[in-house]
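Chemist: Take a look at the following structure, please.
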Amino acid sequence: MNAPDLVAFGWTGDVSTAFTAHAAAGLEPGRVVAEDRGSYIVQTAGGERRASVTGRYRFDAGNDPAAYPAVGDWVALEARDDGASVHAVLPRRTSVLRHAPGLRSVAQVVAANVDVVFVVASLNQDLNLRRLERYLALAWESGAEPVVVLSKADLGEDLDATLAEVESIAVGVTIIVVSAIDGRGIDELRGHIRPGATVAFVGSSGVGKSSLINALLDQAAQSVRSIRGDGKGRHTTTSRRLILLPGGGVVIDTPGLRELALWNADAGLGGAFADIESLASECAFRDCRHVTEAGCAVRDAMESGTLAEARVGSYRKLHRELEYVAGKQDESVRIAGKNRWKTLAKQHRQREKVRAKYGRLM
């Protein structure tokens, strides 16, 4: 194992310590840089390898998408002639999670072991403060540092007014105004990417994530497409990819999310709406819903005009969504337990039939 070759990809003393038992078992470390149709591209000390999880790993992971390797994960590998087998994923230091698309109540890992999450929003007519709040909750929940990146500054009108609006919802968050066309803000963006650190770009389609990564790379490595006439984005990036930057650090480009449903983001909500939660702590009642209760500091702030009613509405909406997701998770656990007991009962009946027929179990 030549771990120093992985330092540029984020290998640290903590990762080395977490890998100790796997090293003793003869496995080698690698970092997942891409997912590809059920297999993975993994960066190792000897270069990139295609890898897949072992049968035992697949059995233990079951149908939980979050249990499988994700881009940014550190994994323990066994080399094969045709690639490598993934035996384990090291514990994630941070992870960007969302509720996986579909009817099942499961989490999807968007990016793992991230230091900074760049939440990108475009300064054109498609800027949506409520959507930006949702992305900020996602970023805060990850455990990484959230940074708001307002892209396409060359297309923006009345930037001062727009910036003031964003500042009113991005409480305690650094905001960077950038343009991949005229270069403004790119150096400030680079300043948040230290050697060995991992940053992830998240945001809707067409906000310019790939263009910004190209500016950081000083080359057109990521394909880009023009936005539509109505200002809405087009999907360009179709899969997550970890990219090594020439100045140090790695960046994870993510596809624009058509649907962003939060997952277990109570702490993220507290970060994204720190102003409301601070006011809520001053309410007369602990369980205040900020609707009709007397002595509600949140309602007082709305009535005085210091807190926008739309922001409180967004806060309530996301709270209800998280409560619903939590309820679905509890129901999923109940159903899984019920199905497990059904399986055990069926196996017991089969054993009893064998015992009745042959007198003993073979």
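The values are calculated or read from the model by the stated rules, or taken from the named source; none is laboratory data. Because the structure is predicted, anything quoted here is derived from the model rather than measured. Note: ideal-geometry Cβ built from the backbone for every residue, glycine included; neighbour counts use all protein chains shown.
Chemist: Scan segment 175-227 residue by residue and report those that are of a type in the set (D, E, K, R), surrounded by fewer than 16 Cβ atoms within 10 Å (Cβ to Cβ) and modelled with pLDDT of 90 or more.
Modeler: Asp182, Arg184, Asp187, Glu188, Arg190, Arg194
Chemist: Let me ask something else about it. Only one of (1) at pLDDT below 95; (2) outside any loop (DSSP other than H, G, I, E, B) fails for Val117. Which number is that?
Modeler: Status for Val117: all satisfied but (1).
Chemist: Quick one: in segment 195-218, which of the residues that are more than 20 Å from the chain's Cα centre (by Cα) and not in a helix (DSSP H, G or I) is nearest to Val71 (Cα to Cα)?
Modeler: Looking at the filtered set, the residue picked out is Pro195.
Chemist: Follow-up. If you check Arg134 against the conditions, is it surrounded by fewer than 22 Cβ atoms within 10 Å (Cβ to Cβ), touching a residue at least 12 places away in the same chain (Cβ under 8 Å) and over 22 Å from Tyr57 (Cβ atoms)?
Modeler: no
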